[in-house]
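The values are calculated or read from the model by the stated rules, or taken from the named source; none is laboratory data. None of the values given here were measured: they were computed from a predicted structure. As a convention, Cβ positions derive from the backbone with ideal geometry for all residues, glycine included, and neighbour counts pool all protein chains shown.
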Amino acid sequence: MNQTIEQLLGHYSVREFEDKPLSEEQIKLLVQSAQAASTSNFVQAYSIIGVSDKSIRAELSKIASNMGYVEKTGQFFVFVADLARNKRIAEAYKASADSLETTEKFLVSVIDAALAAQNMAVAAESMGLGICYIGGIRNDSKKVSDLLHIPDYAIPLFGLTVGYPLQNSAPKPRMPESLIYHENTYEAKDKELYYAYDDIIRDYYKERTGGVRVEAWTEQIAKGMSKPTRLDLKSFIENKHLGTK
């Protein structure tokens with residue numbers, strides 16, 4: 001095992017940061033690290049918006065269910081699936097941009113952005129910083145889009161808060177690799193294997209919360225699957241002319 005793998009296996013989300021901004025050099029290195037990620041056909045179909053304005057952060061925090069660490073952090077980044085750039089290029093060349101409205105191109109932009117974000121997250125942790133992904137900005141994607149002036153053919157996907165951590169924690173136990181990894185073909189796993197994992201998660205929550213929360217992983221998933229959320233996203237994405245074909 002090397003240092004990089006140790007860092008990856010030791011990851012945990014940080015939700016309490018010093019109210020201290022990152023330096024311009026740190027931000028530059030983080031963005032460069034994000035850009036070094038793989039990208040489908042070299043399309044680079046994403047943008048990153050760094051939000052340093054505290055008033056904008058406050059609005060984003062409200063949208064994300066009042067997560068204080070959106071405001072109090074080193075820097076807040078919003079990752080955008082961005083095909084607007086490609087549309088402008090196509091128009092400049094007087095070329096057709098019909099493919100930008102396909103599901104395939106939409107997936108390319110989402111995957112490109114996710115790969116870039118994870119590169120940034122790994123880079124940040126290697127610099128002694130902490131991170132937390134913020135999917136809560138999708139609670140009101142239209143408001144976020146308006147707030148950050150995101151054009152058609154581009155949508156905000158998630159935030160990433162990066163800063164100096166004020167907490168120490170430990171990785172949340174992941175499923176055994178035997179439940180994740182399949183050799184050659186997909187194989188449905190025995191439910192008993194999930195129940196064994198449930199015991200691990202119950203103990204984790206019990207210890208972490210002092211007994212306030214004792215919940216199995218399968219219970220958590222079943223509960224989450226029964227409550228559809230963010231049902232406005234489909235129409236928002238379609239109104240942005242993404243994934244409509």
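Residues of segment 180-190 include at least one that is more than 30 Å from Lys143 (Cα to Cα) and touching a Leu at 6+ places or on another chain (Cβ under 9 Å).
Could you list, in sequence order, all residues of segment 77-97 that are more than 28 Å from the chain's Cα centre (by Cα) and assigned to a helix (DSSP H, G or I)? If the condition is that a residue be more than 28 Å from the chain's Cα centre (by Cα) and assigned to a helix (DSSP H, G or I), then Ala90, Glu91, Ala92 are the ones that fit.
Does segment 24-32 include one or more residues that are assigned to a loop (DSSP other than H, G, I, E, B) and either exposed (fewer than 11 other Cβ atoms within 10 Å of the Cβ) or hydrophobic (A, V, I, L, M, F, W, C) (or both)?
no
When you go through Val110, Val122 one by one, which is the residue that is in a helix (DSSP H, G or I), among the β-branched types (Val, Ile, Thr) and without any contact (Cβ under 8 Å) to a residue 60 or more places away in the chain?
Answer to the check: Val110.
For segment 1-42, enumerate the residues that are among the aromatic types (Phe, Trp, Tyr) and free of Cβ contacts under 8 Å to residues at least 40 places away in the same chain. Let's see the steps before the verdict.
We begin by selecting, within segment 1-42, every residue among the aromatic types (Phe, Trp, Tyr); these are 12, 17, 42.
Scanning segment 1-42 gives a single hit, Phe42.
Across segment 74-104, what is the total count of residues that are polar (S, T, N, Q) and in contact with a Pro (Cβ under 9 Å, 6 or more places away or on another chain)? The total comes to 1. Screening segment 33-42 for residues that are of a type in the set (Gly, Ala, Ser) and surrounded by 15 or more Cβ atoms within 10 Å (Cβ to Cβ) and picking the one that is modelled with the lowest pLDDT gives Ser40.
Here the condition is being touching a residue at least 12 places away in the same chain (Cβ under 8 Å), aromatic (Phe, Trp, Tyr), within 30 Å of Asp19 (Cα to Cα) and outside any loop (DSSP other than H, G, I, E, B); of Tyr195, Tyr204, it holds for Tyr204 alone. Restricting attention to segment 120-135, the residues that are crowded, with 19+ Cβ neighbours inside 10 Å and of a type outside the set (Asp, Glu) total 9.
Scanning segment 168-192 for residues that are surrounded by fewer than 10 Cβ atoms within 10 Å (Cβ to Cβ) and not in a loop (DSSP other than H, G, I, E, B) yields a count of 4. Could you say whether any residue in segment 43-64 is charged (D, E, K, R), assigned to a loop (DSSP other than H, G, I, E, B) and either exposed (fewer than 14 other Cβ atoms within 10 Å of the Cβ) or touching a residue at least 24 places away in the same chain (Cβ under 8 Å) (or both)? Yes, there is a match, as at least one residue in segment 43-64 is charged (D, E, K, R), assigned to a loop (DSSP other than H, G, I, E, B) and either exposed (fewer than 14 other Cβ atoms within 10 Å of the Cβ) or touching a residue at least 24 places away in the same chain (Cβ under 8 Å) (or both).
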